[in-house]
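The values are calculated or read from the model by the stated rules, or taken from the named source; none is laboratory data. Keep in mind that what you see is a predicted model, and the values were worked out from it rather than measured. Don't worry about glycine lacking a Cβ; one is built from the backbone with ideal geometry, like all the others, and counts go over all protein chains shown. Protein only, heavy atoms only, side chains kept; ligands, DNA and RNA dropped before computing areas. Shrake-Rupley method; radii C 1.70, N 1.55, O 1.52, S 1.80 Å.
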Amino acid sequence: MSAVAPSELVERIWERDPTLWTGHDEAKWLGWLDEPMRMRSRVDDLVRFVDEVAAPGQIDTFVLLGMGGSSLAPEVLKRTFGAGDFHVLDTTHPALIRHATETLDLDATLFLVASKSGTTLETRCHLDWFWDRAGKRGENFAAITDPGSELQSLARERGFRATFDGEPTIGGRYSALSVFGLVPAALMGVDLVRLLERVEEIVEACHGEEGNPGLELGLELGNGWLEGRDKVTINPNPGGFGLWAEQLLAESTGKDEKGLIPAPGESPEGPDRQAPEVRLPAPYELGQEFYRWEFATAIAGSILGINPFDQPNVQAAKDKTNDVLAAGGEPDVEPRGSLEELFAQGRPGDYVAIQAFIDPARERELEPLIERARSETGCVVTHGLGPRYLHSTGQLHKGGPNTGLFVQVVDDPGEELRIPGRKLGFRRLIRAQAAGDFASLEERGRRIVRVRLEDL
């Protein structure tokens, strides 16, 4: 596939030619190519919605309930634009959910429920919890979901303030410049016209062969992979851009035992690493950078010879989680294996993935483990919070190359928080997710241990 000329790569993407990749269903997932132009016609509606919601004395805080493709672009937007009154909830850890419930003024908070499928387990559990706590008032809720989804029906039934239809031809990780990214951006006070004008410039540039920023980055990523440099360091990492790029690269390319392994913040020094530039000189360049990396990932996917728009192994961990929950009782998250023995297995070209099912407020406590992993293995070290990473890098861990050394970290989630209308609580859910992913990785012959945060 690497023999395809650059001009032909560009031409065939815009022709929506699925044979550029695997010849399967790729053509039906290319709506992101034109989405910025479609969104220009929706800007007035989004601005009107914000004006209505943010009327004096009504709403002054916004909480996005979403996972993966529904949450990572909003998180990067929030950090980039410094939106202090906008929060993203993408954990099932009881400590953080309890903290949010106690500190938010629920009367003055709008909950934005974002799920493309409308059935995402974590998001629906968040909705069940806050719907009950916020007095079951539809005016305090809005939804972003694909037309015809279960969530769309529920929003209508409950009288949500608004429902925004997603574009069905866009997968979650390519949705940053759709309603999944731009409704949150509007609520943050971002000037959408200004943002999209900059994006349209790069869309135009991505039509050509010369001076095509998406093509250039895609060739850099793909050719780097061909040369054995499959670790993509993303450094500097302004506004947490790597959180979003990490999902885009890992979930798009990590399959068929191949994959680009994103490593935000890691050193670019090493024969298995490449260091593409992140171009974010100012906040309003973020939309351009989202688009450049999306286009580049599609190009790189062609060079790898994979379908960059599916995620065939993501369901595995969900199924294992459901098995654990169905078994009843307390999920088994006891320590397993030895860090010393795991790290001793590190070889050139391997990577360490620290998967922490912990209170996000304790993330800094992982630093000694990250440093130890680097020094004892000499490998790239990645880390992510669970269950967030299940919707981000989880596909790569199971479908990509078997070069990962996996460390699952758990903490004591504290007392149970029962989820209204469900036969489980958040404590049991996050522990089942940890147990389920461990089993899924183990089943694939991945090298994995489990440790307690308190024992580090």
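If a/c stays under 1.5 just call it rounded; otherwise compare a/b with b/c (prolate if a/b is bigger, oblate if not). Do that for the range 315-355, with a ≥ b ≥ c from the square roots of the Cα gyration tensor eigenvalues. Don't skip to the answer; put the middle values down first.
Numbers: a/c = 4.72, a/b = 1.97, b/c = 2.40.
In terms of gyration-tensor shape, oblate.
Report the convex hull volume per residue for the range 44-104, counting only C-alpha atoms, in Å³.
It is 103 Å³ per residue.
Indicate the gyration tensor shape class of the range 261-307 (rounded, prolate or oblate), computed on the Cα atoms with a ≥ b ≥ c the square roots of the eigenvalues: a/c under 1.5 is rounded; otherwise a/b larger than b/c is prolate and the rest oblate.
Note, shape of the range 261-307 comes out oblate.
With +1 on the Cβ of every Lys and Arg and -1 on the Cβ of every Asp and Glu, and nothing else charged, how large is the dipole of the range 89-173 about its Cα centre, in debye rounded to the nearest 20?
On the way: 10 positive and 13 negative charges, 14 e Å.
Charge dipole, the range 89-173, about its Cα centre: 60 debye, nearest 20.
Roughly how many debye, to the nearest 20, is the charge dipole of the range 379-456 about its Cα centre, given +1 on each Lys and Arg Cβ, -1 on each Asp and Glu Cβ, and no other charges?
Dipole size: approximately 320 debye.
Which residues in the range 287-319 place their backbone N less than 15 Å from a point set 7 Å from the Cα of Glu277 along the Cα-to-Cβ direction?
Residues 289, 292-293 qualify, since their backbone N sits under 15 Å from the label point.
Which of the listed residues, Pro401, Ala327, Ala245, is farthest toward the dipole's positive end in the chain, when Lys, Arg count +1 and Asp, Glu count -1 at the beta-carbon?
So the residue we want is Ala327.
Treating the beta-carbon of each Lys and Arg as +1 and of each Asp and Glu as -1, no other charges, what is the dipole magnitude of the chain about its Cα centre, to the nearest 20 debye?
Working: 49 positive and 74 negative charges, 209 e Å.
Computed about the Cα centre, the dipole is about 1000 debye.
Any idea what the alpha-carbon Rg over 2.2 N^0.38 Å comes to for the range 337-456?
Cα Rg divided by the expected 2.2 N^0.38 Å: 1.07.
Rolling a 1.4 angstrom probe over the protein heavy atoms, how many square angstrom per residue are accessible across the range 1-72?
I get 45 Å² per residue for the range 1-72.
Keeping every protein chain present and rolling a 1.4 Å probe, give me the accessible area per residue for the range 260-400 in Å².
38
Give me Rg/Rg_expected for the range 74-121, where Rg uses Cα atoms only and Rg_expected = 2.2 N^0.38 Å with N residues.
1.27
Calculate the spin-label point distance for Glu416 paired with Ala54, positioning each point 7 Å from the Cα along the beta-carbon direction, and give it in nanometres.
So the label points at Ala54 and Glu416 sit 4.2 nm apart.
For the chain, what % of the accessible area comes from carbon and sulfur atoms, probe 1.4 Å?
46
What shape does the range 96-230 take by its C-alpha gyration tensor, where a ≥ b ≥ c are the square roots of the eigenvalues and a/c under 1.5 counts as rounded, a/b above b/c as prolate, and the rest as oblate?
prolate
So how far apart, in nm, are the two label points at Ala108 and Glu367 if each is 7 Å from Cα heading toward Cβ?
3.4
Over the range 313-392, what portion of Cα pair distances is larger than 17 Å, expressed as a whole percent?
59
Over the range 1-55, one equal point on each Cα, no solvent: what is log10 I(q)/I(0) by the Debye formula at q = 0.13, 0.17, 0.21, 0.30 Å⁻¹?
Here log10 of I(q) over I(0) equals -0.51, -0.65, -0.80, -1.12.
Before rounding to the nearest 500, sum -39500 (n - 2.57) across all DSSP H runs of length at least 4 in the chain and divide by the residue total; then give [θ] at 222 nm in deg cm²/dmol.
Estimated from H runs of four or more residues: -13000 deg cm²/dmol.
State, to one decimal in nm², a quarter of the convex hull surface area for the C-alpha atoms of the range 1-104, i.e. the direction-averaged projected area.
Answer in nm², one decimal: 10.6.
Nearest 5 is fine: what % of DSSP beta bridges in the chain come out antiparallel, could you say?
Here the antiparallel bridges make up roughly 5 percent for the chain.
Given a 1.4 Å probe, how much area per residue of the range 82-171 is accessible, in Å²?
Details: 3270 Å² over 90 residues.
Per residue, the range 82-171 has an accessible area of 36 Å².
Projected onto the charge dipole of the chain (+1 at Lys/Arg Cβ, -1 at Asp/Glu Cβ, origin at the Cα centre), which of Val451, Ala298, Val43 gives the Cα projection farthest towards the positive end?
Result: Val451, furthest along the dipole toward the positive end.
Please compute P(r) over all alpha-carbon pairs of the range 180-271, binned at 10 Å starting from zero, and give each bin as a whole-number percent.
The calculated distribution, bin by bin, is 14, 34, 37, 14, 1.
Between Asp165 and Glu340, 0.36 nm times their residue separation minus their Cα-Cα distance comes to what?
58.0 nm
Taking amide H positions as placed in the peptide plane 1.01 Å from N, state which residues far from His87 in sequence (5 or more) or on other chains have amide H under 5 Å from it.
Residues meeting the amide H criterion: Phe62, Val63, Leu64.
How long is the gain from Thr19 to Arg40 if the chain were fully straight, where each residue apart is worth 0.36 nm and the alpha carbon distance is subtracted?
Contour length minus Cα-Cα distance gives 4.5 nm.
Translational D (Stokes-Einstein, µm²/s) of the range 377-432 at 37 °C and 0.692 mPa s when Rh comes from the Kirkwood sum over C-alpha pairs? If you can, show how the numbers build up before the last one.
Numbers: Rh = 13.7 Å.
In µm²/s, the coefficient is 240.
Using only C-alpha atoms and all pairs of different ones, pull out the Kirkwood radius for the range 76-152 in Å with one decimal.
13.4
Distance between Cα centroids, the range 21-95 to the range 278-323: provide it in whole Å.
The distance from the Cα centre of the range 21-95 to that of the range 278-323 comes to 16 Å.
Please go through the range 1-35 and write out the GluC sites (Glu not before Pro) that DSSP classes as loop and that have at most 13 other C-beta atoms within 10 Å.
Glu15
Provide the descending list of Cα extents for the chain along its principal axes, expressed in whole angstroms.
Cα spread of the chain along its principal axes, largest to smallest: 58, 53, 37 Å.
Provide the per-residue ³J(HN,Hα) series for the range 241-248, in order, calculated from phi with Karplus coefficients 6.51, -1.76, 1.60 and θ = phi - 60°, each as a whole number of Hz, with x at glycine and proline positions.
Taking θ as phi minus 60°, the curve returns 3, x, 4, 6, 4, 4, 5, 4 Hz for the range 241-248.
How much length would be gained if the chain were fully extended between Ser7 and Asp256, taking 0.36 nm per residue of separation minus their Cα-Cα distance, in nm to one decimal? Display every interim value, and only then the final one.
On the way: separation 249, 0.36 × 249 = 89.64 nm, distance 2.66 nm.
Result: 87.0 nm gained on full extension.
I need the Debye-formula profile for the range 346-401: one equal scatterer per C-alpha, no solvent, reported as log10 I(q)/I(0) at q = 0.13 1/Å, two decimals.
-0.34
Given the pairs Lys136/Lys398; Lys136/Lys255; Lys28/Lys398; Lys78/Lys116; Lys28/Lys136, which are separated by over 32 angstrom at their Cα positions?
Details: Lys136/Lys398 39 Å; Lys136/Lys255 42 Å; Lys28/Lys398 25 Å; Lys78/Lys116 20 Å; Lys28/Lys136 37 Å.
In this structure, Lys136/Lys398; Lys136/Lys255; Lys28/Lys136 lie more than 32 Å apart at Cα.
Measuring from label point to label point, each 7 Å out along Cα→Cβ, what is the Ser117 to Glu157 span in nm?
1.9
Please state, as a whole number in µm²/s, the translational diffusion coefficient that the Stokes-Einstein equation yields for the range 277-351 at 20 °C and 1.002 mPa s, with Rh defined as the Kirkwood radius across alpha carbon pairs.
In µm²/s, the coefficient rounds to 122.
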